[in-house]
Structure formats: structure tokens, C-alpha cells
1. Evaluate the following for residue 255: is it outside any loop (DSSP other than H, G, I, E, B) and either in contact with a His (Cβ under 6 Å, 6 or more places away or on another chain) or assigned by TED's automatic domain parsing to the domain that holds residue 131 (or both)?
2. Given the conditions (1) in contact with a Lys or Arg (Cβ under 8 Å, 6 or more places away or on another chain); (2) surrounded by 13 or more Cβ atoms within 10 Å (Cβ to Cβ), and given that residue 72 satisfies all but one, which numbered condition is not satisfied?
3. Give the residues of region 117-132 that are at pLDDT below 90 and part of a loop (DSSP other than H, G, I, E, B), sorted by residue number.
4. Run down 192, 134 and say which single residue is in contact with a helix residue (DSSP H, G or I) (Cβ under 6 Å, 6 or more places away or on another chain) and either basic (Lys, Arg) or within 29 Å of residue 28 (Cβ to Cβ) (or both).
5. What residue, among those in region 47-61 that are outside any loop (DSSP other than H, G, I, E, B) and in contact with a Lys or Arg (Cβ under 9 Å, 6 or more places away or on another chain), is farthest from residue 92 (Cα to Cα)?
6. Can you name the number of the only condition in (1) polar (S, T, N, Q); (2) over 18 Å from residue 191 (Cα atoms); (3) in a loop (DSSP other than H, G, I, E, B) that residue 83 fails?
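The values are calculated or read from the model by the stated rules, or taken from the named source; none is laboratory data. Since this is a predicted model, take the numbers as computed values, not measurements. We place every Cβ from the backbone using ideal geometry, glycine too, and count neighbours over all the protein chains shown.
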Amino acid sequence: MSGRPGPPALRFETAEQGRLLLRQGERPLLLGRSVGEGCCPELYLHRLDGFRSPLPALRSSTMRSEINWLHRYARWLEDADGTPLRDGRWELAARTGFPPGIWTEDFVRDWPGGRLELSCGGGWHGVLPLRPLSPPDAGRVKAYRKHAREGTLAPVLLWWVTFLDGWVILDGHDRAVAALAEERTPECVELSQVPDEEAWRKAAEEVTEGHEERLRRLAARAGDPDAERQRARMEQAYADAIASLPYGVLPTGCLPLPGGAAAWDDLAVRAMFQFPRD
């Protein structure tokens, strides 16, 4: 991805004492505050209306057509504004399986508030919507539920946020609700930023050098049956290591919040005035 210098339109900003803000353009979408010290803090959230999906609305006829969703989403994202994309290397990958709990207890259904338990060493590992979820019997959701039963429901677009160790929904809130209402795990496309080509080559060279050195040491045991089995294992491990390199994920960037803590506090006061019981 090139031609997107400067900060992305959809970006996280931070200020002192665990203050967090998600902004799309100039519109604030989420206020967060970390509470607690040590390895298990909690992140309290308050979300605001106004999120705009980067993808166009999907027609039923489009979902029933033969379509490569990865390619279609990639083209749409390249032309869209309001995304987390910035200069660098990005990956879109199909995601059809999730660990237990991701779409149940760790799917944030409440609105506008929320609380994420950032467990020790494991992060939170859930799914965060950016707009209120429709009820399962809403008209649009009922139409999507039919697609879910037919196997023609378009995937949900997720953005992997590393410091949350979880996902933010960029498109497909109602499709997620529909799939879950039909007792299905939503099929998803995951957006994440990966190391650039230079970093990939450097990592690949280091892996290759280490592998070749191990092969040289193993060569001294030529004719040893156990050495041949070890060589086969080493070759497989090397292939697996190289194959995994492109999928390393870069940390999700956070920018300093203009105005710092005072600006965050001002937004929080206005949000609490709008939702006094949150």
C-alpha cells in the first residue's frame, strides 16, 4: 500500500494515564480508559455514533453471485476513505475459525459502554462493534439470516488491533448478528498490517543462514540414519518458518492525542452528558 502518507483516517490516539481515543477523520468514535495496574488491567469503553463503513452496501444478488470476497474487499478498501490503511504492507486473509468464546462472552453486545478484561499475557481476544447491533428479528438481519442458511452470506470485515489482542468490526455488523442468530460462527475477512518487503527479506535471510549452518553441522554425520531423519525434520521446520514470515503482524500504531489529557477529558464530559447513566 502506497500513496497514503501521514496518519490513517481511522486511527487510535492516546494520552496520559491510559486514555485512548478512536477517531475516523475528525469524528471521535470511541473513548477508552485503562483502569488497574499490573498485568491484568481493564479497559472501560464508551462508543459514539457516526462510524462509516469503508465498504459499499451489499445487495442480495451480489452475495449470491460467484465472487472472490478477498479480492473484492481489497479493491474496495484501496478506493475507500475512513480506513486504518496507511503506507506499508497489509494483508487480507479469510478467517473461518475462532477459539471458543470469541463470538459469545467476548463479543461486546452492549452499547455504548463496554469493559474489556485485558488478561495477563493473553490480551482480551474478542470482537468489538463500532455501531449498535440490530436485534435478530430486524428486517435486514432476517434477510441476512436467510443468506446464512443458504451459505451465501458475505464475510464480516475485521481489523486486527494488536494492543487489544482482538478485532474491531469494520463492516458487517448485521451479518455477524445474522450468522450468530443461525448458530453459525461468522465467516470473516481479517485486515492486518504486516512487515514490509525489506523487513521480510531480512528475516528470511536470518532464517536461511541459521538453517544452512545447521545443515553444515549435520553434514558431518553423513550416512547416519538418524541424521537423515533429522535433516527431513529440519527441512520441514525451515519451510514452515519461511511460510509464516509474511503473516507476522506489525503492532497497531497509536498517535499522540492532540491536546492530550485535557482534550480527552473534554470529550468524555460531553459524552457522559449525552449518556448520563453510562
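1. Against the criterion (outside any loop (DSSP other than H, G, I, E, B) and either in contact with a His (Cβ under 6 Å, 6 or more places away or on another chain) or assigned by TED's automatic domain parsing to the domain that holds residue 131 (or both)), residue 255 qualifies.
2. (1)
3. Answer for region 117-132, where residues must be at pLDDT below 90 and part of a loop (DSSP other than H, G, I, E, B): 118, 120, 121, 122, 124, 125.
4. Unique residue meeting the criteria: 134.
5. Only one residue tops the list, namely 47.
6. Among (1) polar (S, T, N, Q); (2) over 18 Å from residue 191 (Cα atoms); (3) in a loop (DSSP other than H, G, I, E, B), the lone unmet condition for residue 83 is (2).
Yes/no per residue for (1) outside the structural domain of residue 36 (by TED's automatic domain parsing); (2) over 23 Å from residue 84 (Cα atoms); (3) not in a helix (DSSP H, G or I):
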{"residue": "141", "(1), (2), (3)": "no, yes, no"}
{"residue": "185", "(1), (2), (3)": "no, yes, yes"}
{"residue": "190", "(1), (2), (3)": "no, no, yes"}
{"residue": "204", "(1), (2), (3)": "yes, yes, no"}
